[in-house]
Every structure is written in C-alpha cells, then in structure tokens.
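A short write-up of the structure that comes next.
The values are calculated or read from the model by the stated rules, or taken from the named source; none is laboratory data. Everything quoted here is computed from the prediction, not taken from an experiment. Neighbour counts run over all protein chains shown; Cβ positions are idealised from the backbone, glycine included.
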Amino acid sequence: MIEGDPALTDELNTYYGEIPPDGGLDKVECELLLDLLARHFTGKLWPRSGGMDATRRFTAELNRALSKAGWKVDLFAVA
C-alpha cells in the first residue's frame, strides 16, 4: 500500500525512515511517532493519562482508522 498523503509520507521518511527493524526508538521518539500517526488517522494525540481503559479505547479507534486506510500495523508492538 502506498500512503496517499504526501505530508505524512515526508514526515515518516524524514524522521523514521532509518529505524532498525527492532524499533530502536527511545521513549520520546516513540511518543512523537505515536502522536504523528494518531493525529493523522484520528485527529487526536495519543493519550498519556486516563489509564489503561482510555489507552485501549484509543488503540481500538486508531486500529479501525488504520484498517480503513488500508494500513496493517501491530499496535501492541508500540503501545
């Protein structure tokens, strides 16, 4: 699948294009990537408070949005 949003593609390539397969991101980099994807696909930032229930609800919402856009992502690997 080729992402149709050039701004998202440019940002992902600029900041995350050289990430090794194991992720290799520190905590801040990981949070910024989650915010980038969450904002693009849901219009919201990744929740940092509200507990696990809020995180699970948001993850489900993001997963639905990613699936609708044709993305396949293992969110448990990043959450």
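In the set GLY23, GLY43, only one residue is more than 10 Å from the chain's Cα centre (by Cα) and modelled with pLDDT under 85; that residue is GLY23.
Checking the conditions here, which among ALA38, ALA60 is assigned to a helix (DSSP H, G or I), in contact (Cβ under 8 Å) with a residue 24 or more places away in the chain and under 13 Å from the mean Cα position of the chain (by Cα)? Break it down into steps so the answer makes sense when it comes.
Working: ALA60 fails: in contact (Cβ under 8 Å) with a residue 24 or more places away in the chain.
Every option except ALA38 fails the conditions.
Just a yes or no: is a residue in the stretch 12-19 at pLDDT below 85, in contact with a helix residue (DSSP H, G or I) (Cβ under 7 Å, 6 or more places away or on another chain), surrounded by 10 or more Cβ atoms within 10 Å (Cβ to Cβ) and of a type outside the set (A, V, I, L, M)? Checking the stretch 12-19: at least one residue is at pLDDT below 85, in contact with a helix residue (DSSP H, G or I) (Cβ under 7 Å, 6 or more places away or on another chain), surrounded by 10 or more Cβ atoms within 10 Å (Cβ to Cβ) and of a type outside the set (A, V, I, L, M).
Do we find that LEU8 is in contact (Cβ under 8 Å) with a residue 40 or more places away in the chain and not in a loop (DSSP other than H, G, I, E, B) in this structure? No: the conditions fail for LEU8.
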